[in-house]
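Once you've had a glance at the structure underneath, I'll fire off some questions.
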Amino acid sequence: MFDLQEDTKPRAHLEGNIIPIINMTFLLLLFFIVAGNFAENMNQDIFPPQSLSETITEAAVVELQLTREGTLLWEGKETTVPAWAAGFRADGLPVPRKVRLRADGGTPAAVFIPVLEDLKYLQVSRVALVTVSDGSPL
Amino acid sequence: MLLQSHHKKVLRRISLTPLADLVFILLVFFILETSFTQFRELGFNVPEQKETGESAGELLNLELFEDGKLWIQGEAIGLHELGAYLDKESFVSETAVIIEVHNKAPLQLLVRAMDQLKSRELEKIQILPLEKNQGPQNK
């Protein structure tokens, strides 16, 4: 016959051993929550250029993304500069004067300059390129 | 008066296994979703053509090519030499800078050039496409 009853003693012993693991896991969890940033709506194929700029990116700024191939993305959806501006106008909002552009460092000028020209045409007065820190001296 | 129950108290331990499972799942989620990259911004104004063209101050014209070569005020230099050139010429911060970029030059090269200019307080930068697609050696 099988003994179907649980033996409580060895079980208590096992659970006693996993408590430090749970503690450590909680600490790791807290570390990731506190120290990290959420990768919000970011295209993983875009690697911004390296720069020595010290200005940290602000939240709540209109951000367009530009892939190396020339695909422009707004809130994760493919768009063009005129269509993006038309979206604002359709909602009764003014086209933002400041735009953040997250473009790949390898994007050729033939791709990114027309985007800048289109933004200029819409009277966007300031563009902030997203970059990553580079520690090399000038 | 009977205050104590006759029933034998059953001590039930709460199993920690589901808690451990949940914490592990949360940990995996945060590991995958969290980014430690600190993004920066390199801002520049997008002026109208006339703003830099009619500027009364000095004008610095740069042509940037895909191989990292620069054609600057009639002189061909490497991008790494731009800082030394700017230090030598000591432009005032009011100087308007026009960067004409060859259509194959990657954004990274432009950002490097802008870093050098901004670190010397040359902030009036205009970016234009280079219409004549030739290298500085052909000039």
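Go through (1) in a helix (DSSP H, G or I); (2) at the interface with another protein chain (Cβ under 10 Å from one of its Cβ atoms); (3) in contact (Cβ under 8 Å) with a residue 24 or more places away in the chain for B:Ala113 and report which single condition fails.
For B:Ala113, the failing item is (2).
Moving to a separate point now. Among the residues of region A:115-133, what is the count of those that are surrounded by 16 or more Cβ atoms within 10 Å (Cβ to Cβ) and either of a type outside the set (Val, Ile, Thr) or without any contact (Cβ under 8 Å) to a residue 24 or more places away in the chain (or both)? Explain how you work it out, then say what you get.
Initial filter on region A:115-133 (surrounded by 16 or more Cβ atoms within 10 Å (Cβ to Cβ)): A:115-116, A:118-120, A:122, A:124, A:127-131.
Among the residues that remain, those that are also either of a type outside the set (Val, Ile, Thr) or without any contact (Cβ under 8 Å) to a residue 24 or more places away in the chain (or both) are: A:116, A:118-120, A:122, A:128-129.
Result for region A:115-133: 7.
Give the residue that is modelled with the highest pLDDT, with candidates limited to residues of region A:67-85 that are under 20 Å from A:Tyr121 (Cβ atoms) and within 13 Å of chain B (Cβ to nearest Cβ).
The residue in question is A:Val81.
Still on this structure, please answer the following. I'd like to check something: does region B:88-107 contain any residue that is part of a helix (DSSP H, G or I), open to solvent by 20 Å² or more (accessible area, probe 1.4 Å) and touching a residue at least 40 places away in the same chain (Cβ under 8 Å)?
no
Taking the stated definitions as given, is B:Ser55 polar (S, T, N, Q), assigned to a loop (DSSP other than H, G, I, E, B), surrounded by 13 or more Cβ atoms within 10 Å (Cβ to Cβ) and modelled with pLDDT under 85? Even if it seems obvious, please write down each step before you answer.
Values: polar (S, T, N, Q): yes; assigned to a loop (DSSP other than H, G, I, E, B): yes; surrounded by 13 or more Cβ atoms within 10 Å (Cβ to Cβ): yes; modelled with pLDDT under 85: yes.
For B:Ser55, the condition - polar (S, T, N, Q), assigned to a loop (DSSP other than H, G, I, E, B), surrounded by 13 or more Cβ atoms within 10 Å (Cβ to Cβ) and modelled with pLDDT under 85 - is met.
For region A:86-101, give me each residue that is more than 8 Å from chain B (Cβ to nearest Cβ), open to solvent by less than 50 Å² (accessible area, probe 1.4 Å) and of a type outside the set (Gly, Ala, Ser).
Hits for region A:86-101 are A:Phe88, A:Val95, A:Pro96, A:Val99, A:Leu101.
Of everything in region A:44-61 that's of a type in the set (Gly, Ala, Ser) and loosely packed, with under 14 Cβ neighbours inside 10 Å, which residue is modelled with the lowest pLDDT? Spell out how you get there, then give the answer.
To start, the set of residues in region A:44-61 that are of a type in the set (Gly, Ala, Ser) comprises A:51, A:53, A:59-60.
Applying the additional criterion that residues be loosely packed, with under 14 Cβ neighbours inside 10 Å yields A:59-60.
Values: A:Ala59: 64, A:Ala60: 60.
The extreme case among them is A:Ala60.
Please go through (1) modelled with pLDDT of 85 or more; (2) loosely packed, with under 15 Cβ neighbours inside 10 Å for A:Leu64 and return the number of the only condition it doesn't satisfy.
A:Leu64 satisfies all of (1) modelled with pLDDT of 85 or more; (2) loosely packed, with under 15 Cβ neighbours inside 10 Å except (2).
Same structure, new question: Examine region B:89-107 for a residue that is small (Gly, Ala, Ser), modelled with pLDDT under 85 and in contact with a strand residue (DSSP E or B) (Cβ under 6 Å, 6 or more places away or on another chain), and state whether such a residue exists.
No, every residue in region B:89-107 fails to be small (Gly, Ala, Ser), modelled with pLDDT under 85 and in contact with a strand residue (DSSP E or B) (Cβ under 6 Å, 6 or more places away or on another chain).
Something else: Quick one: count up the residues across region A:9-43 that are modelled with pLDDT under 70 and either more than 10 Å from chain B (Cβ to nearest Cβ) or under 23 Å from B:Pro106 (Cβ atoms) (or both).
Number of matching residues: 6.
The values are calculated or read from the model by the stated rules, or taken from the named source; none is laboratory data. Keep in mind the model is a prediction, meaning the values are calculated, not measured. Heads up, the Cβs are rebuilt from the backbone with ideal geometry, glycines too, and the neighbour counts pull from every protein chain shown. Note: accessible area is taken over every heavy atom of the protein model, side chains too, but ligands, DNA and RNA are not part of it. Shrake-Rupley method; radii C 1.70, N 1.55, O 1.52, S 1.80 Å.
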